[in-house]
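This report concerns only the one structure given below.
Here, each number is a calculation from the coordinates, and none is a lab measurement. Values in this document were obtained by computation on a predicted structure and should not be read as measured data. As a convention, Cβ positions derive from the backbone with ideal geometry for all residues, glycine included, and neighbour counts pool all protein chains shown.
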Amino acid sequence: MAYLAPAEFVTKMVDAGESKIFMSTRDTLVRAYMAGAILALAAAFAITVTVQTGQPLLGAVLFPVGFILLYLLGFDLLTGVFTLTPLALIDKRPGVTVGGILRNWTLVFFGNFAGALTVAVMMAIIWTFGFTEAPNTVAQKIGTIGEGRTVGYAAHGAAGMLTLFIRGVLCNWMVSTGVVAAMLSTHVSGKVIAMWMPIMVFFYMGFEHSIVNMFLFPSGLMLGGNFSLYDYMVWNEIPTVIGNLVGGLAFVGLTLYSTHVKTAPKRKPA
Amino acid sequence: MTSLQLALTIGQHSDKGRKEANQDFHGALLPEESLRGSKGIAVALADGISSSEVGHLAAQFAVHSFLDDYYCTSEAWSVKTSALKTLAATNAWLYSQTQQGQGRFDKDRGHVCTFSGIVFKSTTAHLFHIGDGRITLLRGGNAEPLTQEHRVVVSGDKSYLSRAFGIHPQLDIDYRTVALEAGDVFVIATDGVHEYVEPKLVLEALAEHGDKLDAAAAAITAAALERGSTDNLTVQLVRVDGLPSGEIGELQQQLAELPLPSLLEAGATFDGYRIERELHASSRSHVYLASDAATDEKVVIKIPSVDLGQDAGHLEAFLMEEWIARRISHPHVLKPGGQNRKKQFLYVTTEYIEGCTLTQWMRDHPQPDLETVRNLIDQIARGLQAFHRLEMLHQDLRPDNILIDAAGTVKLIDFGSVSVAGVAEAIAPAERGTMLGTPQYTAPEYFLWEEGTTRSDQFSLGVIAYQLLCGRLPYGAEVAKCKSAAEQKRLKYASLLQTRGDVPVWVDGAIKKAVHPNPEWRYEAISEFLHDLRHPNRSFLSDRPPPLIERNPLVFWKLLSLILFALVVVLLATHPIAGA
């Protein structure tokens, strides 16, 4: 199985980040929407497995399937673009501006949210027979998760907020490592293996992933979770997004860039 | 009989016969040992059509370019691939000459010629044939014609060429291989000879002159003339004296598929070179500075990246690069480097230039003065024109692909995306878009998956001129986001004058024209752009918008038609038709 030298894959990282900034609005939105939807389905699937087998590890082992699928199909998650797009700016690629990066992040955020929300509504219909029956066990579980990870943090005040933020940081540290590791291999099998491990880790450890949460919490709200939209936004989504940004950029993008790109000499005859 | 090397004896003769000028052209090339093993020995004959004043030039170009270009192709290519690519490029050039000259209206006056060539490599003869020449094989006293004449007979004495070089943009050439046997004689003759001399006479001439094949060839043409041939007379004779033994033939074939080298490190020795240091690495290739262990000459070695090595299409493009570099000899284009020796691995060598890329230069000189920029653009343009003259498009012109040495001389490097007219694209345009990864300099038409033209290279040149002056891009990041012609129409050019007040209006106007989203609106030729960068063009000085016929011809003609229609209606109404 071929493995790329670091100097090869870091330039690929920068190229990938650059190409996302140059992507048209339509493509960016469509790809983000699909990524959000597929990840939400994978989360619904993993929680179903966990509840029905009573074994959280099994759910975590199977969850990466969805992530791998959306990566191979070329769809974009907010967590991924957080890590990749700033590299194009740091590498001084012409035409790349702060405005361009923010535009990309905003579009991807809303695309992901719309995709995850679509799946949340669809799953809620399935779990409640079109809102005519009481939520089943899986749906109840989602409601309690939503409660624990919003009101639960709030109960701890500032310490709760710190915990939430750190969980967000660790989450994208893992997820972005998976994305970058997938670039190491030139074969699909290699990419799958490289992504599996970090994604499984984040899901099992209960780290906060902004897009998974875009499914979990709206679902919880629809299925009668005991928390408000305000709780979700302030005590989960917003700190998670910031944590994801810091984790992906600080621990994956910038570290790899500074050690593998900056060491290369700038002079390059031919 | 077996010997270690393929041994041939070649004899040839050409005579203008009863015509005023000789429009035939012939040649043979016996390269040095190493090339002979990898590429073989080439023999070629072309016959320019007599109705054209430039037929002799076409014939001369066809033979010359085949013999030169064929040996420039990568050693990793098969004889068939190398020769067909070379011939396709030759045909495309002749066709473009035909289109530019009288031949555009009358093919009989264009750059048109026939071509028959053979490449002898190892134990095989590879035949390439188009037109009404003929290749005949004499083996064991029998004569076997190996080719068909591409000639259509209209009436008793009237006939014309159905296929030839320089008539069509796409080349349709016959290819076949013949396994060699010792003692074989290949006879390549133009119609002035093979229509008048039967094989028996050729065999007699060969028997009479023994090893003096030139004399035999002269005797054959003399016989044809004597029998009333009215055309130019040319014949080439190639006798196979010895064949390489079987094992060597096979070994050579194995070497044709060179292995990919692994990544190199400083200090390592690699195929006769000592690696000094790594110069550049990316997901496309690794570039090293190396010195020849024997001569100490500095060269640059480029090997495909691991990522790229998996992809046959990309490897193909990588090898094309070597061929393209050897085809062009120009002060502003990077030259191939190193000796022409046999390679054990798949890699490319080029000359070493001590300097920096234009990207770096721009960082060091954020606000260069206008004259410096014009000087750089002039040099880049001259390099580009060298590509265009050979019917090639660069397609990936960007500051990273331009080097400036200590003396300020500009060189274009990296020909990985060059398209050669006539040569089928190894990578489909739809795939190429994902490959380039530098949308900043790519002309808008490529994003619509349209074919590039020299105006697409002009766009890249214009963007570089703009960026040199102000450090930004004329359309920011917007070009790549437009996926339709309608969206491209809305692209807004940000005037240079906003950031560079010291640049004259007409220079801004010239750059604006060169980077127009619609290729139709750019300059006809790059030389016009260069001219306008130095001479104030009056049309850029006036504030008045250009007339409607220039801005939107379609609307102009529609409007005119509407007015005419209204006039007709008015006339019909005021002048009743007689009798109605």
> Of the GluC sites (Glu not before Pro) in region B:315-380, which ones lie in a loop per DSSP and count no more than 14 other C-beta atoms within 10 Å?
Replying inline: B:E354
>> Test of understanding: given chain B, find the longest segment containing no chymotrypsin sites (Phe, Trp or Tyr not before Pro) that are in a DSSP loop and have at most 13 other Cβ atoms within 10 Å.
In response: B:106-448
>> In 10 Å bins starting at zero, report the fraction of Cα pairs in the protein assembly as shown per bin as a rounded %.
In response: 2, 11, 17, 17, 16, 14, 11, 7, 4, 1, 0, 0
> Once both labels are modelled 7 Å past Cα along the beta-carbon direction, what's the A:V98-A:L73 spacing in nm?
Replying inline: 3.6
> Too long at a 31 Å Cα-Cα cut-off: which of B:K107/B:K411; B:K19/B:K200; A:K12/B:K298; B:K19/B:K107?
Replying inline: B:K107/B:K411
> Suppose every K and R has +1 on its Cβ and every D and E has -1 on its Cβ; what is the size of the dipole of region A:161-270 about the Cα centre, in Debye to the nearest 20?
Replying inline: 760
> Stretched out fully, how many nm does the piece from B:E33 to B:V153 gain, at 0.36 nm a residue minus the Cα gap?
Replying inline: 38.7 nm
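Counting other C-beta atoms within 10 Å, which of B:I402, B:I10, B:I549, B:I41 has the fewest, and how do the rest follow? Working shown, then result.
Details: B:I402 24, B:I10 17, B:I549 12, B:I41 20.
Least to most surrounded, the residues fall as B:I549, B:I10, B:I41, B:I402.
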> Taking 0.36 nm per intervening residue step and subtracting the Cα-Cα distance, what contour gain separates B:E354 from B:E524 on full extension?
Replying inline: 57.7 nm
> If only Cα atoms are counted, what is the Rg of chain B, and what is its Dmax, in Å?
Replying inline: 28.8, 102
> Using a simple spin-label model with points 7 Å from Cα along the Cα→Cβ vector, what separation in nm is obtained for A:F45 and A:I166?
Replying inline: 3.3
> Percent relative contact order of region A:6-261, based on C-alpha pairs within less than 8 angstrom and at least six residues apart?
Replying inline: 30
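With r as the distance between the Cβ atoms of A:I90 and A:T137 and R0 = 51 Å, compute the FRET efficiency 1/(1 + (r/R0)^6) and round to 0.05.
0.60
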> Short version: ³J(HN,Hα) in whole Hz for each residue of region B:496-509, in order, from phi by Karplus 6.51 cos²θ - 1.76 cosθ + 1.60 (θ = phi - 60°), x for Gly and Pro, what are they?
Replying inline: 4, 5, 4, 10, 10, x, 7, 8, x, 4, 6, 5, 4, x
> Each label point is 7 Å from the Cα along the Cα-to-Cβ direction; what then is the distance between the points at B:I549 and A:S189, in nm?
Replying inline: 6.8
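Just from its helices, what would the mean residue ellipticity at 222 nm be for chain B, if runs of 4 or more DSSP H residues each count -39500 (n - 2.57) and the sum is divided by every residue, rounded to the nearest 500 deg cm²/dmol? List each step's numbers first, then the result.
Working: 20 runs with 217 residues, N = 580.
Helix-only estimate at 222 nm: -11500 deg cm²/dmol.
Quote the charge dipole size of the protein assembly as shown about the Cα centre in Debye, to the nearest 20; the model charges only the Cβ of Lys and Arg (+1) and of Asp and Glu (-1). Mind showing how you got there, number by number?
Working: 70 positive and 83 negative charges, 529 e Å.
Result for the protein assembly as shown is approximately 2540 debye, rounded to the nearest 20.
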>> Just the number: Rg to Rh for region B:258-351, Cα atoms, Kirkwood Rh, two decimals.
In response: 0.94
> What average number of partner chain Cβ atoms lie no more than 10 Å from the Cβ of the residues making up A:6-13?
Replying inline: 5
> Farthest toward the dipole's positive end in region B:258-351, which of B:A290, B:S262, B:S305, given Cβ charges of +1 (Lys, Arg) and -1 (Asp, Glu) about the Cα centre?
Replying inline: B:A290
>> Can you pull out the trypsin sites (Lys or Arg not before Pro) in region B:181-241 whose DSSP state is coil and whose Cβ has at most 15 other Cβ atoms within 10 Å?
In response: B:K212, B:R227
>> Based on Cα coordinates alone, diagonalise the gyration tensor for region B:184-323, multiply each eigenvalue by 5, take square roots, and list the semi-axes in whole Å, largest first.
In response: 52, 18, 16
> On average, how many beta carbons from a partner chain sit within 10 Å of the beta carbon of a residue in B:357-365?
Replying inline: 2
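What is the extension gain from A:F129 to A:I242, computed as 0.36 nm multiplied by their sequence separation minus the C-alpha to C-alpha distance, in nm to one decimal?
37.1 nm
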>> Test of the criteria: in region A:119-207, which chymotrypsin sites (Phe, Trp or Tyr not before Pro) are in a DSSP loop and have at most 13 other Cβ atoms within 10 angstrom of their Cβ?
In response: A:F129, A:F131
> How much FRET efficiency would the formula 1/(1 + (r/R0)^6) give for B:R490 and B:E195, where r is the Cβ-Cβ distance and R0 is 56 Å, rounded to 0.05?
Replying inline: 0.30
> Exposure proxy check: B:V348, B:V152 ranked by fewest other beta carbons within 10 Å?
Replying inline: B:V152, B:V348
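May I ask you to give the average projected area over all directions of the convex hull of the Cα atoms of region A:6-261, in nm² rounded to one decimal? Let's see the in-between values first.
Values: hull surface 53.3 nm².
Mean shadow area of the hull around the Cα atoms is 13.3 nm².
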> Taking neighbour counts of Cβ atoms within 10 Å as a proxy for exposure, in what order, fewest first, do B:L403, B:L346 appear?
Replying inline: B:L346, B:L403
